[in-house]
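So the structure is just underneath, and the comments pick up after that.
The values are calculated or read from the model by the stated rules, or taken from the named source; none is laboratory data. Bear in mind that the values here come from a model prediction, so they are computed numbers and not experimental data. Virtual Cβ from ideal backbone geometry, glycine too; neighbours counted across all protein chains shown. Remember, those area values only see protein heavy atoms, side chains included, never the ligands or the DNA or RNA. Shrake-Rupley method; radii C 1.70, N 1.55, O 1.52, S 1.80 Å.
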Amino acid sequence: MTWWTRLRQFAGEHRSIAVLGGWVLVGALLPVLVLVPPFSTFQEQSLWLGGFANAGVFILLALGLNIVVGLAGLLDLGYAAFFAIGSYAYAFGASSFTGQHIPFWPMLIIGALAAATFGILLGAPTLRLRGDYLAIVTLGFGEIVPAIFLNADSLTRGTNGIGGVAQPELLGLKFDFSNPVPFYVTMVAILAIVMLFIYRLQASRLGRAWMAIREDELAAASSGINTVTTKLLAFALGASTAGLAGVFNASKLGIVTPDQFGFAVSFTVLAMVVLGGMGNVWGVAVGAFVLYEIQSVLLKQLNQFFHGLHVPVLENIDFVQYQFLLYGLALVGMMLLRPEGLFPSRRRQQELHAASEEIADVPPPTSAVAGE
Amino acid sequence: MRLTRVGAFAVIALVAFSACSSTPQGGGGNTIKIGTELPMSGAETANGEPTANGVKLAIKQSNAKKEITGYTLDINVQDDAVNGAHDPQQGATNMHTLVADTSVAGVVGPFNSSVAQSEIPISNAGGLLQCSPANTNTGLTYPPDALQYRPNNPTKINYIRLAAPDSIQGPAGADYVFNDLKAKTVYILDDTETFGVGVGDSFAAQFKKDGGTITKRDSAPKSTTDYTPLFTAAAAAKPDAVYLAGTTPTGMGLALKQARTVAGFETIPFMGPDGVADLGPGGTTGATITVAGAAAHDVHGTVAGIHDLPSGSTFVADYTAEFGKAPGAYSAIAYACAQVIIAGIKSAVAAGKTDPAALREAVRANSVAAGNKFDTVIGPVSFDKNGDITTPYMSFYKTDLTANGGKGGWVYVKQQAFTDPNAS
Amino acid sequence: MRTDRTRALRTVAIVAGLLVVSFVILGVQQFQNFLTLGAIYALVALGYTMVYGIIELINFAHGDVFMVGAFVSMWIMTVPLGLADRPINDPIQLTVVLLAVVIGTMVVMGLIGVIIERFAYRPLRHAPRLAPLITAIGVSFILQNIIQAIFSSSPIAVPQIFPRVKLDLLGGSIGVLNIFMVLVALLLMVALQLFVGRTRLGRAMRATAQDREAAELMGVDINQTIAITFFIAAALAGSAGVIQGLYFGSIQFNLGFFAGLFAFTAAVLGGIGNTTGAAVGGFIIAFIAVLAAQLGYSRWSEVAIFTVLILVLVFRPSGLLGQALGERA
């Protein structure tokens, strides 16, 4: 057995250690990796770390959406609404606008709960709808929430947004705009804890119930699973993760405006989940990270690269401007060629290819590979 | 496996990129840079590009005169437009990039007030001066609002601007509509954005003070494609004029075009702030005259800056010679911002303060020092204790569709000097 | 038979009631805006409902098909026909030009619709529901960005070739352009009803929508039928695009997003799968939008329409004119 297979087996059996250890490793390695060429030539370390903290926001969002789309099989096209709710909750709780100064750490929980509440409010009447209808309803919700924040200007300062949002403070250390390291470390910690939680969920009865609903809702209902509660929990947990991301992002940027939460955000997160491999937790995290870095660093470098080479047609293309075109092409391509994503969960791969190839034998799931 | 092959290809590509791409951070030992943070792509190109060009011209001419002994000036251009529209989050990222680039001594930008809100805390923490040629939102400089943007160094003003704030542009427009256009009743349409709502509010307040009436006020976000129902409803009150409180990239050009098809709005004058009076000739992509076409007649606008460059100024000729087209509404003002920064660099270098932190602080302190006057392409300027220009000017323009060989353009009407409400 | 009759009566009642109420509340001027907007939403909603009826897919990209139609019509007017931004006063010349633009746009868009179906949706016909939905979103962004790349992100002017003649009727001035557009929309909708109801291909479409396997067994060429459905849906959206360009005079790459969502709401409101319902729904949604503007609440019109969508889907998923479905939607 290769060291890789042995490692995977270990990780399967000792999930918690694997997740925590993995994140500690990643968190420690990344700052070192960016000091090495070619990465050191793109931008300097503090910019990389700040970018990683921002990428972390998207990874969190992708992990949350993955619960809804990948684990429970519900297409949510308005996910940014929960991101908005978390951000505004923090802005109300800790800014010069309201005069409140609730510390960041409890606000993380409060923001997550606020978003989860709205997740339940939205989900309760709508989760019994069929997949495509649910998608459109969530899209509508995704548009209504920022619109309300925009138009209710007496409460939310409308388009100006709420500025002066407080930065976190830990044991006397005040996070500020000049140093990205505390934000980076905090994000790594949040990601580790959230991912641990998600893996635990996946392995639990709830996780198996999600899988059952995703594969065949009618059969799942017949075998005694309360589909409504199960789906509602997926929605609420997904929403709370977005709420967490919202609180963090608000504190890092220092300002919350309604135009931060448009459909483009929901679409980007969806692309990350789809490309990363719906259902595979690490796959989605890696996919989100890669996509974010491509968007924020690589596309700019591509521009410079082709400019420098003076290649006739490519020289005039601004890759950054057309990133959504690339996302669209990638989504279509993935769905046609590799719907299970770049880092598929084996289960998913079987589900998707079995459907089109009519493979009869599917190996029985063991607890080690459940939802891998 | 396929993925490892893809991975190998990616690594090789990255190495190739690193060989060919330029190093953005730090410069050679003898380069000092001025950063620009403007929306440069998509629908905002007409705003950002001419403004950045103003800075480029200033740098070029300063280098030619060898103004800074021992150093060459260079530019670091950043674009805050995402998907064609200015984006505060991208602005924040860009500002981090500029702060991290130790050869940058000062920044010209941003163009949009909402982007400034996310950038000032970052430049404040980095001790980097920002000079905006176009921001007009009063909350960016007027206390107590402005304080929330300086959490790291509340007493160090690092944000200055040369554009007259909304508290002046709105009322200037109101007085012009009441006195010059002789309109007693006005319908206001704003685009729900920071700038539009702010300038609409100050316009309405002044217009009422002058003795006029606002017949109706509507807000339509930039996603609106159909303004006709709004104008149809507003036509009932028969306004004498319309104030478009917003910018063409956020829909005002489209609103103008559709409004002229509604009975009651076909001939009355329209007025707008500098987001509408972009001074772009007909045919330029995204310019108001291009978007509104034949409807862009009888449109007036204000620009938050001076028009008459001091006599003997060769700016327009120099700009046209360098870039092949006429300057934009903010080119000269951006040039002036660059001049303020260069003046700071010059005195810092002369005093031997050449390490990045000292240089930045010297540039900042020099710009906001009370009583410092700067000789710029738009005349002498100085800044009050909040970073606002002490001699705000408003220039008035109107459209002439026969100009530019029939393509249409803006012609200058007059300019007016105002007093800085916060002058000490 | 009796249920058919009650449904027909119900339809007529809703339509008549809507027209009277909107005329009274909005007044003559605003009424025209309402009719034009309604025509556009109705035509686009028809496309949504037809595609959903036949393959149970919400074609997320349909709103952008409408947008592309507007651009295609603008291109036809400015490039091959070389028209300037001036009204054409000669009625015969105007008619010929309009025919060329409308038919040209409809044919081009129809073909584009068929191509999209063939390459993006057909391979996924047996895949889990999620897959074609995601692909549709991808196609939507691809269309928007291609248009941006070719034409720019700013609003583009459309030549205003229709003379702005107004007639003084019913207490106000009524634009001939408005009358023309509503007539065109009505004509197309009637033509569609006749096609679906009376022709063999139309029958094949209805059969496929009702029970695909049975239709296949009866000898219907499923692939061809679906392709024709997409052709018609896209062509109708294209005609809506022509109206949009001619009436509003300006088009932009992001036109399709909200228009598409509103039209989809209209289709759902009327009863998804029901073509008459889609048309009626289009006018109801237009009424809400115009009323909001009239009352000064235009900022809230999006919220209002999405709320309608959610309420309909939650409380009456079959829509106004649909039959109550056995299995929960």
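Counting 0.36 nm for each residue step from residue C:168 to residue C:129 and taking away their Cα separation leaves a gain of 8.7 nm. Charged neighbours of residue C:48, selected by a Cβ distance under 15 Å, balance to -4 (K, R count +1; D, E count -1). Only bridges with both residues in the protein assembly as shown count here: give the DSSP antiparallel percent, nearest 5. Here the share of antiparallel DSSP bridges comes out near 45 percent. The residues of the protein assembly as shown present an accessible area of 38 Å² per residue when probed at 1.4 Å with all protein chains retained. For chain B, the dipole from Cβ point charges (+1 on Lys and Arg, -1 on Asp and Glu) about the Cα centre works out to 420 debye, to the nearest 20. What you get for the range C:17-325, charging only the Cβ of Lys and Arg (+1) and of Asp and Glu (-1), is a dipole of about 180 debye around the Cα centre. The share of accessible area on the range C:31-73 that comes from carbon and sulfur is 60 percent, using a 1.4 angstrom probe.
Largest first, the residues A:216, B:79 sort by 1.4 Å accessible area into A:216, B:79. Extension gain, residue A:24-residue A:109: 0.36 nm per intervening residue step, less the Cα-Cα distance, totals 28.3 nm. Here the spin labels are modelled as points 7 Å beyond Cα on the Cα-Cβ line, and at residue B:182 and residue C:103 they lie 5.4 nm apart. Ordered from largest to smallest accessible area (heavy atoms of protein chains, 1.4 Å probe), the residues B:257, B:182, A:300 come out as B:182, A:300, B:257. Please state, as a whole number in µm²/s, the translational diffusion coefficient that the Stokes-Einstein equation yields for the range A:66-158 at 25 °C and 0.890 mPa s, with Rh defined as the Kirkwood radius across alpha carbon pairs. The calculation lands on 173 µm²/s.
Specify which residue in the list C:99, C:267, C:185 is farthest towards the positive end of the charge dipole of the range C:17-325, using unit charges on the beta carbon of Lys, Arg (+1) and Asp, Glu (-1), about the Cα centre. Of the listed residues, the answer is C:267. Helical runs (DSSP H, four residues minimum) scored at -39500 (n - 2.57) apiece and divided by the length of chain B put the mean residue ellipticity at 222 nm at -11500 deg cm²/dmol.
Across the alpha-carbon atoms of the range B:344-387, the computed radius of gyration and Dmax are 11.2, 31 angstrom.
Measuring from a point 7 Å past the Cα of residue A:120 along Cα-to-C-beta, which residues in the range A:219-262 have an amide N at less than 18 Å? Taking a point 7 Å out along Cα→Cβ of residue A:120, the residues of the range A:219-262 whose backbone N falls under 18 Å are A:226-244. In this simple spin-label approximation, residue A:181 and residue B:404 carry label points 7 Å from Cα along the Cα→Cβ vector, and these lie 5.3 nm apart.
Using Cα springs under 10 Å in a Gaussian network model of chain B, which residue among B:313, B:132, B:41 shows the largest mean-square fluctuation? Taking springs between Cα atoms under 10 Å, the residue moving most is B:313. How large is the translational diffusion coefficient of the range C:204-329 in µm² per second when you combine the Kirkwood radius over alpha carbon pairs with Stokes-Einstein at 25 °C and 0.890 mPa s? My calculation gives 149 µm²/s for D.
Quick check on the range A:95-242: take the gyration tensor over C-alpha atoms, sort the square-rooted eigenvalues as a ≥ b ≥ c, and tell me if it's rounded (a/c under 1.5), prolate or oblate. It is oblate, given that a/c is not under 1.5 and a/b is not larger than b/c.
Spin-label model, residue B:237 to residue A:32: label points 7 Å out along the Cα-to-beta-carbon direction sit 6.8 nm apart.
Ordering A:61, A:197, A:253 by Cα displacement along the dipole of the range A:43-357 toward the positive end leaves A:197 in first place; charges were set at the Cβ atoms of Lys, Arg (+1) and Asp, Glu (-1). Note on chain B: antiparallel DSSP beta bridges, both residues inside, total approximately 35 percent of the bridges counted.
Remark: the range A:248-259, residue by residue, has Karplus-estimated 3J(HN,Hα) of 4, 4, 5, 6, 6, 7, x, 8, 10, 10, x, 6 Hz, where x stands for each Gly or Pro and the curve is 6.51 cos²θ - 1.76 cosθ + 1.60 at θ = phi - 60°. For the Cα trace of the range A:170-274, dividing Rg by the Kirkwood Rh returns an Rg/Rh value of 1.08.
What residue among C:207, C:158, C:231 has its Cα farthest toward the positive end of the dipole of the range C:17-325, where the charges are +1 on Lys, Arg and -1 on Asp, Glu, each on the Cβ? Checked the options; the winner is C:207. Specify whether the C-alpha gyration tensor of the range A:43-357 places it in the rounded, prolate or oblate class, a ≥ b ≥ c being the square roots of the eigenvalues: rounded for a/c under 1.5, otherwise prolate if a/b is larger than b/c and oblate if not. In terms of gyration-tensor shape, oblate. Diffusion coefficient of the protein assembly as shown by Stokes-Einstein, Kirkwood radius over Cα pairs, 20 °C, 1.002 mPa s: 69 µm²/s. Report the calculated FRET efficiency for residue C:213 and residue A:226 (r = Cβ-Cβ distance, R0 = 51 Å), to the nearest 0.05. That gives a FRET efficiency of 0.95.
The mean number of Cβ atoms from other chains found within 10 Å of a Cβ in peptide C:148-161 is 6, as a whole number.
In this Cβ point-charge picture (+1 for Lys and Arg, -1 for Asp and Glu), the range C:182-260 has a dipole of about 220 debye about its Cα centre. Packing here is the average count of other Cβ atoms within 10 Å per residue, and on that basis the peptides A:174-186, B:218-230, highest first, run B:218-230, A:174-186. Highest mean first, the peptides C:24-34, B:97-107, C:267-277, C:236-246 sorted by other C-beta atoms within 10 Å per residue fall in the order C:236-246, C:267-277, B:97-107, C:24-34. Each residue was assigned an accessible area with a 1.4 Å probe, and for residue A:14 the value is about 80 Å².
Over all other residues within a Cβ to Cβ distance under 11 Å of residue B:329, the charged ones net out to -2, with Lys and Arg as +1 and Asp and Glu as -1.
Shown here: chain C, whose C-alpha atoms stretch 55, 43, 38 Å along the first, second and third principal axes, sorted largest to smallest. Legend: calculated FRET efficiency, residue C:149 to residue A:14, from the Cβ-Cβ distance at R0 = 60 Å, rounded to 0.05, equals 0.75. Globularity index of the range B:87-211 is 1.22 (Cα radius of gyration / 2.2 N^0.38 Å, N = number of residues).
Taking one quarter of the surface of the convex hull spanned by the alpha-carbon atoms of the range B:236-332 gives a direction-averaged projected area of 7.0 nm². Based on DSSP H segments of at least four residues, each scored -39500 (n - 2.57), chain A has a per-residue ellipticity at 222 nm of -22000 deg cm²/dmol. Helix screen, chain C: DSSP H segments with Cα axial length of 27 Å or more and mean Kyte-Doolittle hydropathy at least 1.0 are C:2-55, C:91-116, C:130-151, C:176-198, C:222-248, C:275-295. For chain B, the fraction of C-alpha pairs farther apart than 42 angstrom is 16 percent. For the pair residue B:30 and residue B:153, the difference between a 0.36 nm per residue extended length and the Cα-Cα distance amounts to 41.4 nm.
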